[in-house]
Amino acid sequence: TLKQIAPKAKDFLYFSAIMMHAAEAALLDSSGQLKKDAQGNDVSAHWDKRGGTWRWMCSDPSIKPYKNSNNDIFPEEELIKAHKKWRGRPLCLDHKSSSVDMIRGIIVDTYYDHSNKRVIALCALDKINYPDLARKVSTGYANSVSMGTAVGKAICTDCGQVAKIESDFCDHMRRKSCYGEINVDLNPIELSIV
């Protein structure tokens, strides 16, 4: 359903972007339907949280949780809890959120797309002060975004080590040799055009 968020301003270019996918997106095929196992049954997965850690448990052991290009894994329940916190956060260039000089707009709204297990953002880019960037976005030349978030806990997929600070990292996390890091307790910072 449609909802009115704020009046549309002529000074901004509005666009939507897929911010991130949940780990559970790995269960979906290219048409958005649940994958089938060898017996033709729908695959399923859940998180085993016993022992103070998180472990991916899938009915098809060949299916690993979805990870982004940084090998970060975000459980669906964590994205559902956190996605609204991106509302009102800055739209930046290349994760340079510490300086107002690199802010180019704002995240107007976010939506959790349950059927495709992903977060979608509605962004407003200042096209008056940044016309070149607005042109690149509107023509599709600049078509990639990357979200920035603080993480309360990162968990190694290989050994289950829970890290709250960098010194807690296991060798897999330090060497980046594990399949990925499960990120929980998210505190969103920004969304960047990259």
### Task
Quote the FRET efficiency, to the nearest 0.05, computed for GLN4 versus LEU93 with a Förster distance R0 of 22 Å and r equal to the Cβ-Cβ distance.
0.15
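Accessible area of the chain with a 1.4 Å probe: how many percent of it is carbon plus sulfur? Could you put the intermediate results ahead of the total?
On the way: 5440 of 11050 Å².
Carbon with sulfur: 49 percent of the solvent-accessible area.
Classify the range 13-64 from the C-alpha gyration tensor, please: rounded if a/c falls under 1.5, else prolate or oblate depending on whether a/b exceeds b/c.
Since a/c reaches 1.5 but b/c is at least a/b, the shape of the range 13-64 is classed as oblate.
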### Net charge dipole size for the range 64-125 [Lys, Arg +1 and Asp, Glu -1 on Cβ; Debye, nearest 20]
40
### Task
Report P(r) for the chain: all Cα-Cα distances, bin width 5 Å, range 0 to the bin holding the largest distance, values in whole percent.
1, 7, 14, 17, 17, 15, 12, 8, 5, 2, 0, 0
### Set of aspartates and glutamates near LYS8 by C-alpha distance (under 16 Å), chain-local residues within fewer than 8 positions excluded
ASP109, ASP126
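What dipole magnitude, in Debye to the nearest 20, does the range 2-89 give about its Cα centre under +1 on Lys/Arg Cβ and -1 on Asp/Glu Cβ? Don't jump to the answer; show the numbers that get you there.
Numbers: 15 positive and 11 negative charges, 116 e Å.
Magnitude of the dipole: close to 560 debye.
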#### Entry: the range 28-178, dipole about Cα centre (Lys/Arg Cβ +1, Asp/Glu Cβ -1), debye to the nearest 20
240
### Task
Evaluate E = 1/(1 + (r/R0)^6) for THR139 and ASP101, where r is the Cβ-Cβ distance and R0 equals 30 Å; express this FRET efficiency to the nearest 0.05.
0.75
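Taking R0 as 30 Å, what's the FRET efficiency between ARG55 and ARG175 from their Cβ-Cβ distance, rounded to 0.05?
Details: r = 20 Å, r/R0 = 0.68.
In this case the efficiency is close to 0.90.
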### Summary
Result for the chain: accessible area per residue, probe 1.4 angstrom, in square angstrom, of 57
### Query
Among THR139, HIS172, GLY160, whose Cα lies farthest out toward the positive end of the dipole of the range 126-187, if unit charges sit on the beta carbon of Lys, Arg (+1) and Asp, Glu (-1)?
THR139
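Counting pairs of alpha carbon atoms under 8 Å apart in space and at least six apart in sequence, what relative contact order in percent does the range 10-157 give? All intermediate terms of the calculation are to be shown ahead of the outcome.
Details: 228 pairs, mean separation 44.3, N = 148.
Result for the range 10-157 is 30 percent.
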#### Entry: Semi-axis lengths (Å, descending) of the ellipsoid that matches the C-alpha gyration tensor of the range 105-165
33, 15, 12
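The values are calculated or read from the model by the stated rules, or taken from the named source; none is laboratory data. What you are looking at is a predicted structure, and each value in this text was computed from that prediction instead of being measured. Virtual Cβ from ideal backbone geometry, glycine too; neighbours counted across all protein chains shown. Ligands, DNA and RNA are stripped out before the accessible areas are found, and what is left, the full protein with its side chains, is counted by its heavy atoms. Shrake-Rupley method; radii C 1.70, N 1.55, O 1.52, S 1.80 Å.
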